[in-house]
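K.L.:
Below is a structure I'd like to ask you about.
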Amino acid sequence: MEHNGINFDTYFRNYPDKNGYFGRYGGSYIPEELQKAMAEITDAYYTICKSGRFISELRRIRKEFQGRPTPISHLERLSNSIGRVQLYAKREDLNHTGAHKLNHCMGEALLAKYMGKKKVIAETGAGQHGVALATAAAYFGLECDIYMGAVDIKKQAPNVARMKILGANVVEVTDGLQTLKEAVDAAFAAYSREYRDCIYCIGSVLGPHPFPMMVRDFQSIVGIEAREQFTEMTGELPDAVVACVGGGSNAMGMFSGFLNDPVEIYGVEPLGRGEKLGDHAASLKYGTEGVMHGFNSIMLKDENGEPAPVYSVASGLDYPSSGPEHAFLHDIGRVKYDVVNDDDTIDAFFKLSRLEGIIPAIESSHAVAYAIKLAQQMERGSILINLSGRGDKDMDYIIEKYGIR
């Protein structure tokens with residue numbers, strides 16, 4: 001399949017290129033000292049990703065420890081409440097630790113062991129990446145430091161407790177807005193001091209090369225499973241695939257399975273409180289090209305060209321940029337990126353809970369909300385939602401802020 005001159009039959013062989021670029025996005029914009037560390041990670045990854053022993057070990061972990069494959073659920077009652085379009089969900093909420101994040105964390109920790117590192121460092125927003133990496137560190141016997149904004153620590157108390165129980169050192173970040181961007185800043189600073197003995201396990205398809213590629217590859221299991229499962233369940237491909245996008249790891253994992261198919265693909269960003277800068281985190285819709293955290297992509301900027309303050313009801317989506325591959329897919333038009341606001345997201349959270357007995361993460365609720373709107377516009381067909389995580393972590397916050405609807 002071709003789209004705007006891009007041959008998706010060979011897409012994954014060609015993107016990113018050897019320098020880590022998806023078109024003009026990506027690359028590695030970091031100090032020379034860290035470039036050596038990234039080159040070491042790249043070399044190690046290219047070596048082990050073709051190793052039968054590594055692949056076999058990762059498959060065993062996914063089956064015996066993570067509980068993969070995760071199923072697809074037909075959301076029949078939700079579908080019937082809307083019309084004739086049928087909604088389905090890829091249940092990453094049933095992956096061990098409650099979200100998609102463990103898919104790449106186990107891979108990154110296994111890579112760290114291969115490289116002889118003693119510690120893993122990461123940032124986290126909603127806490128799911130932090131929990132997943134703390135889990136992987138415990139599994140492989142590694143030390144683990146997780147950097148988390150003070151605001152997110154308060155919003156995501158259950159996940160903070162989980163990280164500590166798993167043995168991770170949770171480092172509170174009190175700079176700036178005290179959310180995800182500041183956590184990434186702090187984690188990068190720590191890594192620059194400790195890179196000889198540790199590996200920075202980035203929590204999404206962003207950062208300097210090779211992380212956008214590496215995290216995508218580890219997450220692609222979601223799309224591979226989903227395509228096979230949906231075809232087996234229905235005898236055909238879905239008409240549309242929908243996933244939420246912050247940094248974009250769950251979305252790239254799901255999209256990877258369908259880029260070469262005649263399927264409409266939608267990435268959903270958080271509109272938050274509205275279109276005013278500082279009230280949302282929809283970088284692909286409202287941003288411009290720029291460099292932050294070691295990579296070139298589309299980002300939200302303030303009047304000085306610096307990363308703008310952002311907001312989302314979902315701690316995992318309040319980031320002022322998006323992964324470089326999403327920027328590329330946006331520019332060539334293969335994926336359509338759109339937004340939903342907080343109110344529609346919370347409505348979808350309660351609707352899925354009440355009609356299907358599935359309490360979704362607030363991040364995933366953005367995708368559910370968009371799928372509901374899309375289904376209302378379509379006369380017939382099917383929509384596959386990537387339900388990237390479960391909402392246990394969000395319940396106290398939801399009840400405190402919105403009550404029970």
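K.L.:
Quick check: net charge around Ser28, other residues with Cβ under 15 Å of its Cβ, Lys/Arg +1 and Asp/Glu -1?
P.N.:
-3
K.L.:
Can you work out the accessible area per residue across segment 139-231, with the rest of the protein chains kept in place, probe 1.4 Å, in square angstrom?
P.N.:
With the other protein chains kept in place, segment 139-231 gives 37 Å² per residue.
K.L.:
Can you compute 3J(HN,Hα) from phi for each residue in segment 366-372, using the Karplus curve 6.51 cos²θ - 1.76 cosθ + 1.60 with θ = phi - 60°, rounded to whole Hz and x for Gly and Pro?
P.N.:
4, 5, 4, 4, 5, 4, 4
K.L.:
Average the reciprocal distances over every distinct pair of alpha-carbons in segment 1-61, invert the result, and give the Kirkwood radius in Å.
P.N.:
Result for segment 1-61, one decimal place: 14.0 Å.
K.L.:
Per residue, how many Å² of accessible area does segment 341-405 show with a 1.4 Å probe?
P.N.:
41
K.L.:
Please express the shape of segment 57-144 as an equivalent ellipsoid: the semi-axes are the square roots of 5 times the eigenvalues of the C-alpha gyration tensor, given largest first in whole angstrom.
P.N.:
Ellipsoid semi-axes (Å, largest first): 33, 14, 8.
K.L.:
If you take the Cα Rg of segment 312-394 and divide it by 2.2 N^0.38 Å, with N the number of residues, what do you get?
P.N.:
In units of the 2.2 N^0.38 Å rule of thumb, it is 1.15.
K.L.:
At 25 °C and 0.890 mPa s, grab the translational diffusion coefficient of segment 330-376 from Stokes-Einstein with a Kirkwood Rh over Cα pairs, rounded to a whole number in µm² per second.
P.N.:
Answer, rounded: 218 µm²/s.
K.L.:
Hey, another quick one. How large is the helix-only mean residue ellipticity at 222 nm for the chain, computed as the sum of -39500 (n - 2.57) over DSSP H runs with n ≥ 4, divided by its residue count, in deg cm²/dmol to the nearest 500?
P.N.:
Value at 222 nm, helices only, nearest 500: -13500 deg cm²/dmol.
K.L.:
Based on the Cβ-Cβ distance from His74 to Arg354, what FRET efficiency comes out when R0 is 22 Å, to the nearest 0.05?
P.N.:
0.85
K.L.:
Output needed for segment 269-328: three equivalent-ellipsoid semi-axes, defined as square roots of 5 times the C-alpha gyration tensor eigenvalues, in descending order, whole Å.
P.N.:
Taking √(5λ) for each eigenvalue gives 17, 13, 9 Å, largest first.
K.L.:
Taking 56 Å as R0, compute the FRET efficiency from the Cβ-Cβ separation of Arg273 and Arg60 and round it to 0.05.
P.N.:
Rounded to the nearest 0.05, the efficiency is 0.80.
K.L.:
Around Asp239, what is the net charge, scoring Lys/Arg as +1 and Asp/Glu as -1 over all other residues with Cβ under 10 Å from its Cβ?
P.N.:
-1
K.L.:
Expressed in nm to one decimal, what extension gain is obtained for the pair Glu379 and Val171 from 0.36 nm per residue of sequence separation less their Cα-Cα distance?
P.N.:
69.9 nm
K.L.:
Straight-line reach from Lys101: which aspartates and glutamates have a Cα under 14 Å away, not including same-chain ones fewer than 8 places off?
P.N.:
Glu92, Asp93, Glu123, Asp217, Glu363
K.L.:
Suppose every K and R has +1 on its Cβ and every D and E has -1 on its Cβ; what is the size of the dipole of segment 118-219 about the Cα centre, in Debye to the nearest 20?
P.N.:
Taking the Cα centre of segment 118-219 as origin, the dipole is about 200 debye.
K.L.:
Then there's this: What size of dipole, in debye to the nearest 20, comes out for segment 46-198 about its Cα centre when the only charges are +1 on Lys and Arg C-beta atoms and -1 on Asp and Glu C-beta atoms?
P.N.:
700
K.L.:
In the calculated pair distance distribution of segment 254-405, what percentage of Cα-Cα distances lie above 29 Å?
P.N.:
19
K.L.:
Then there is this: According to a simple spin-label model (label point 7 Å from Cα along Cα-to-Cβ), what is the distance in nm between Met233 and Glu143?
P.N.:
Once both label points are built, they end up 4.4 nm from each other.
K.L.:
Which values of log₁₀ I(q)/I(0), to two decimal places, follow from the Debye formula for segment 94-172 at q = 0.26 Å⁻¹ with a uniform point scatterer at every Cα?
P.N.:
After summing over all Cα pairs, the log10 values are -1.21.
K.L.:
Take each of the peptides 272-279, 287-294, average the number of other beta-carbon atoms within 10 Å over its residues, and list them starting from the highest.
P.N.:
The densest-packed peptide leads the list: 287-294, 272-279.
K.L.:
Quote the relative contact order of the chain in percent (integer), defining contacts as alpha-carbon pairs under 8 Å separated by 6+ residues.
P.N.:
20 percent.
K.L.:
Kindly provide the GluC sites (Glu not before Pro) of segment 202-271 that DSSP labels as loop, not H, G, I, E or B, and whose Cβ sees at most 13 other Cβ atoms within 10 Å.
P.N.:
Sparse-neighbourhood loop GluC sites (Glu not before Pro): Glu236.
K.L.:
Charges at C-beta only: +1 for Lys and Arg, -1 for Asp and Glu. How large is the resulting dipole of segment 307-405 about its Cα centre, in Debye rounded to 20?
P.N.:
Computed about the Cα centre, the dipole is about 300 debye.
K.L.:
Which three numbers, in whole Å and largest first, are the semi-axes of the equivalent ellipsoid of segment 152-296 derived from its Cα gyration tensor as √(5λ)?
P.N.:
Working through the eigenvalues yields semi-axes of 30, 20, 17 Å.
K.L.:
Calculated FRET efficiency, Met1 and Asp392, Cβ-Cβ r, R0 45 Å, to nearest 0.05?
P.N.:
My answer for the efficiency is 0.70.
K.L.:
Right, something else. Would you mind checking which residues have amide H under 5 Å from Tyr147's amide H? H placed 1.01 Å from N; only 5 or more apart, or other chain.
P.N.:
So Tyr147 has HN proximity to Ala122, Glu123, Thr124, Val171.
K.L.:
Let me ask something else. Which listed residue (Tyr88, Gly274, Met1) has the Cα farthest towards the positive end of the charge dipole for the chain, taking +1 on Lys and Arg C-beta and -1 on Asp and Glu C-beta about the Cα centre?
P.N.:
Of Tyr88, Gly274, Met1, it is Tyr88.
K.L.:
Carbon and sulfur: what percent of the chain's accessible surface (1.4 Å probe)?
P.N.:
Roughly 47 percent, rounded to a whole number.
K.L.:
Which value results when the Cα radius of gyration for segment 3-117 is divided by 2.2 N^0.38 Å?
P.N.:
Cα Rg divided by the expected 2.2 N^0.38 Å: 1.44.
K.L.:
Taking the radius of gyration and the Kirkwood hydrodynamic radius from Cα positions alone, what is the Rg/Rh ratio for the chain, to two decimal places?
P.N.:
My calculation of the ratio gives 0.93.
K.L.:
Still on this structure, I have one more. When all alpha-carbon pairs of segment 250-289 are counted, what percent fall beyond 11 Å?
P.N.:
Roughly 69 percent, rounded to a whole number.
K.L.:
Something else: Would you list Tyr45, Tyr15, Tyr139 from the most to the least accessible area, probe 1.4 Å?
P.N.:
Ranked from most to least accessible, the order is Tyr139, Tyr15, Tyr45.
K.L.:
With springs connecting C-alpha atoms under 10 Å apart, model the chain as a Gaussian network and identify which of Ala138, Ala183, Ala367 has the largest mean-square fluctuation.
P.N.:
Highest fluctuation of the listed residues: Ala138.
K.L.:
Okay, moving on. Which links in Lys90/Lys401; Lys18/Lys63; Lys154/Lys336; Lys154/Lys301; Lys90/Lys155; Lys119/Lys285 stretch past 30 Å when you go from one Cα to the other?
P.N.:
Lys18/Lys63; Lys154/Lys336; Lys119/Lys285
K.L.:
Are there GluC sites (Glu not before Pro) in segment 297-405 that DSSP puts in a loop and that have at most 10 other Cβ atoms within 10 Å, and which ones?
P.N.:
Taking segment 297-405 and a limit of 10 other Cβ atoms within 10 Å, the loop GluC sites (Glu not before Pro) found are Glu303, Glu379.
The values are calculated or read from the model by the stated rules, or taken from the named source; none is laboratory data. Only a predicted model underlies this, so the values are computations on that prediction, with no experimental measurement involved. Using ideal geometry, Cβ is built from the backbone for each residue, glycine included, and neighbour counts are taken over all protein chains shown. Note: areas computed on protein heavy atoms with side chains; ligands, DNA, RNA excluded. Shrake-Rupley method; radii C 1.70, N 1.55, O 1.52, S 1.80 Å.
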